[in-house]
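Reading through the structure tokens given below for one structure.
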Amino acid sequence: MWSGDRARVLVTAAAAVVVGVPAFGAEDLAALNVQGQRGQSADQTRRDRYECHNWAIEQSGQTPIAVPANNEQSSEAKASQRAERINRALHGAAMGAGLGGFVRAVQHEDPGQGMLAGAAVGAVIGAATAGRSPGGSEAAEPEGPSDYLRALTACLTGRGYTVAMLTPTSAPLTASR
């Protein structure tokens, strides 16, 4: 049987997840490291990067999303994301409480304890899945580099540069010729 302290810990952990789940951002093109292999000057590198940027937009049909300074989102986007996370946590808590109470009642145990545990688990799952569903307010995180980034990398590599970009979720993306 669960103690009251244990139930409070679960509910507190669920609340922490609701507020603390990080949001994912766009590719940070400022993290793109372009190194010349043929002794290109800084001015030549800037020109090549600009020309390759325009070519990549033309080839991919995509314009890169500008990442806000310090990887911060606008306050409106943060508020929308937080509202969705809280909404999902509340729905998850309600569903978890119902299911937990039902399971404990079937086991001929105290359904109140099952409701507490189910609410905590449901809130955590609900908050963690915010923004991940096809009907969510945010688009799904792309699996790999965008078409624009692949085109930009191909152009710069063809002009004699080594291109590396450290992605937040994986090893560095590198290309060279």
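Scanning the range 32-51 for residues that are touching a strand residue (DSSP E or B) at 6+ places or on another chain (Cβ under 9 Å), in a helix (DSSP H, G or I) and either buried (at least 16 other Cβ atoms within 10 Å of the Cβ) or among the aromatic types (Phe, Trp, Tyr) (or both) turns up Thr45, Asp48, Arg49.
From the list Glu109, Glu76, Glu84, Glu143, the lone residue that is of a type in the set (D, E, K, R) and at pLDDT below 80 is Glu143. Would you mind stating whether Val67 is surrounded by 10 or more Cβ atoms within 10 Å (Cβ to Cβ), at negative phi, modelled with pLDDT under 80 and not charged (D, E, K, R)? So Val67 fits the description; yes.
Would you confirm, using the coordinates I've provided, whether Leu116 is modelled with pLDDT of 85 or more, within 30 Å of Arg47 (Cα to Cα) and buried (at least 20 other Cβ atoms within 10 Å of the Cβ)?
No: the conditions fail for Leu116.
Is at least one residue of the range 52-62 over 29 Å from the mean Cα position of the chain (by Cα), aromatic (Phe, Trp, Tyr) and either modelled with pLDDT of 60 or more or within 21 Å of Leu152 (Cβ to Cβ) (or both)? No: the range 52-62 contains no residue that is over 29 Å from the mean Cα position of the chain (by Cα), aromatic (Phe, Trp, Tyr) and either modelled with pLDDT of 60 or more or within 21 Å of Leu152 (Cβ to Cβ) (or both). Within the range 146-173, the residues that satisfy the criterion of being at pLDDT below 55 and more than 27 Å from Arg88 (Cβ to Cβ) are Ala171, Pro172, Leu173.
The values are calculated or read from the model by the stated rules, or taken from the named source; none is laboratory data. Computed from a prediction, not measured in an experiment: that's the story for all the values here. Every residue, glycine among them, receives a Cβ derived from its backbone with ideal geometry; neighbour counts consider all protein chains shown.
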